[in-house]
Amino acid sequence: MKLQQNIILKPYHSFACEEITRFFTTVSTKEALVEAIDWANENNQPYFILGSGTNILFTQQFNGLVIKMEITGIQKLQETSSELLLEVGAGENWSHFVSYCVQKSWGGLENLSLIPGSVGVAPIQNISAYGVEVSEHIICVEAFDTIKHAWVSLPKQDCTFGYRTSVFKKEPNRYIVTAVQFKLSKQPFLRTDYGAIKAVLHEKGIRNPSVESIANAVIYLRSKQLPDPKKLGNAGHFFNNPMITTTQYDQLMVQFPSIMAYPIDDHTYKIAAGWLIEACGWKSVTKDQVGCYKDQVLVIVNYGATKGKTILDFSDAITQSVQDKFGVLLESAIHIL
């Protein structure tokens, strides 16, 4: 194991803050991962598994070992005339993997195009976009169980997937994802009924959409809303859309008739977090070199702040204002450390 000390984490996360980790290493095999974990345990060091760093905000020095996940590879396990099963390393770039599937016309993940991050984070967050959740296409997740100190394969039903959550998020220190198995289709059912996909296809004169044309529409839409993290530090949508009861929704509708919300079932509504934040006056607001992106208020951007705490303070101010005005608590969509 190659161990480095006092490493600045700026190059390793998309907010690009200059926090430091006491120890740092990369792992590209399962054996190297276990070696790194054992070293941390033997030396009484906390450890953190870091993917591509597009879903995390470091707010202070990490006094332990950061383990950079670099287990890669795309392997075809099974194939029939209509579908196929792939196993993908946790360290693979998610967007590159989706593009790889789209180029081969393998359907299922095209609506999840251009989501930043690594494959290993996809099941943890149960990433979703434009009407599709990644869990719809996951068969099982390979992981290291740190409690049992053993390798496990969790079938979909054991992953307890929910809206932006999973067993991996509910038990954050137990499982370390190393690979994910996906079932994709050669005769895909194309989803164009959510968001502005249909409008983009119509605008481009596409009457018979394909996996590729839907992916291109999603990329076009996401590019309009999200700044390139290589040019402007951000982690995509900073907040999840909050869930409230039907009773709460009815009460809010009396005060705020234009509120944007969607029924989930007979008892639950999902409110558009962006609408709540914009209604509190945060659009294009900037403070201490941190602000809400001009084209999408859900995206907090770093215009030059060197400390993650500055970004956290900005997000906390947004959360408090929404709580004060609507009585609704926003939850962060990213990991804050």
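The values are calculated or read from the model by the stated rules, or taken from the named source; none is laboratory data. This is a predicted model, so every value here is computed, not measured. Here the Cβ positions follow ideal geometry from the backbone for every residue, glycine too, while neighbour counts run over all protein chains shown.
Return a yes/no flag: does the stretch 237-259 have any residue that is farther than 30 Å from Lys76 by Cα, part of a loop (DSSP other than H, G, I, E, B), within 26 Å of the chain's Cα centre (by Cα) and among the aliphatic types (A, V, I, L, M). Within the stretch 237-259 (the criterion being farther than 30 Å from Lys76 by Cα, part of a loop (DSSP other than H, G, I, E, B), within 26 Å of the chain's Cα centre (by Cα) and among the aliphatic types (A, V, I, L, M)), the answer is yes, since at least one residue qualifies.
Tell me, yes or no, whether the stretch 110-127 has at least one residue that is outside the structural domain of Ser332 (by TED's automatic domain parsing), within 20 Å of Asn241 (Cα to Cα) and charged (D, E, K, R). Checked the stretch 110-127: no residue is outside the structural domain of Ser332 (by TED's automatic domain parsing), within 20 Å of Asn241 (Cα to Cα) and charged (D, E, K, R). Being in a loop (DSSP other than H, G, I, E, B), of a type outside the set (Gly, Ala, Ser), on the phi < 0 side of the Ramachandran plot and touching a residue at least 24 places away in the same chain (Cβ under 8 Å) is a property that holds for Cys17. Within the bounds of the stretch 322-332, is there any residue that is outside any loop (DSSP other than H, G, I, E, B), under 20 Å from Arg164 (Cα atoms) and within 20 Å of the chain's Cα centre (by Cα)? Yes, that holds for at least one residue. Within this structure, Asp313 fails the test of being surrounded by fewer than 15 Cβ atoms within 10 Å (Cβ to Cβ) and not assigned by TED's automatic domain parsing to the domain that holds Phe48. For the stretch 230-251, does any single residue satisfy the condition of being closer than 22 Å to Ala333 by Cβ, of a type in the set (Phe, Trp, Tyr) and surrounded by fewer than 15 Cβ atoms within 10 Å (Cβ to Cβ)? No.
Taking first residues from the stretch 219-234 that are under 20 Å from Gly53 (Cβ atoms) and without any contact (Cβ under 8 Å) to a residue 60 or more places away in the chain and partners that are buried (at least 16 other Cβ atoms within 10 Å of the Cβ) and of a type in the set (S, T, N, Q), no Cβ contact under 8 Å between residues at least 6 apart in sequence or on separate chains turns up. Here is a check on your reading of the model: is Ala179 assigned by TED's automatic domain parsing to the domain that holds Leu109 and over 28 Å from Lys270 (Cα atoms)? So Ala179 passes the test. Here the condition is being in contact with a helix residue (DSSP H, G or I) (Cβ under 9 Å, 6 or more places away or on another chain), under 23 Å from Thr178 (Cα atoms) and not hydrophobic (A, V, I, L, M, F, W, C); of Thr72, Thr25, it holds for Thr25 alone. If you scan the stretch 185-217, which residues turn out to be surrounded by fewer than 19 Cβ atoms within 10 Å (Cβ to Cβ) and within 20 Å of Asn93 (Cα to Cα)? Once the filter is applied, which keeps residues that are surrounded by fewer than 19 Cβ atoms within 10 Å (Cβ to Cβ) and within 20 Å of Asn93 (Cα to Cα), the stretch 185-217 yields only Glu212.
Among the residues of the stretch 39-73 satisfying the criterion of being in a strand (DSSP E or B) and among the aromatic types (Phe, Trp, Tyr), which is nearest to Phe314 (Cα to Cα)? Among those residues, the one meeting the criterion is Phe62.
The set of residues from the stretch 287-321 being among the polar types (S, T, N, Q), part of a helix (DSSP H, G or I) and out of contact with any strand residue (DSSP E or B) (no Cβ under 7 Å at 6 or more places or on another chain) comprises Thr319, Gln320, Ser321. Quick check, is Asn126 under 26 Å from Ile300 (Cα atoms) and surrounded by 24 or more Cβ atoms within 10 Å (Cβ to Cβ)? Taking the combined requirement at face value, the residue does not satisfy it. Within the stretch 279-300, residues that are under 18 Å from Asn55 (Cβ atoms) reach partners that are in a strand (DSSP E or B) and of a type in the set (Phe, Trp, Tyr) with beta carbons closer than 9 Å, at six or more positions or on different chains, in the pairs Leu298/Phe239; Val299/Tyr293; Ile300/Phe239; Ile300/Tyr293. For the stretch 54-76, filtered to residues that are over 20 Å from Arg22 (Cα atoms) and more than 19 Å from the chain's Cα centre (by Cα), the residue that is surrounded by the fewest Cβ atoms within 10 Å (Cβ to Cβ) is Lys76.
For Thr146, the conditions (1) in contact with a Phe, Trp or Tyr (Cβ under 8 Å, 6 or more places away or on another chain); (2) within 21 Å of Ser213 (Cβ to Cβ) are fulfilled apart from (2).
Filtering Val88, Val121 for residues that are among the aliphatic types (A, V, I, L, M), crowded, with 19+ Cβ neighbours inside 10 Å and at pLDDT 95 or above leaves a single hit, Val88.
The residues in the stretch 189-220 that are within 12 Å of Gly131 (Cβ to Cβ), part of a helix (DSSP H, G or I) and among the charged types (D, E, K, R) can be counted, and the count is 1.
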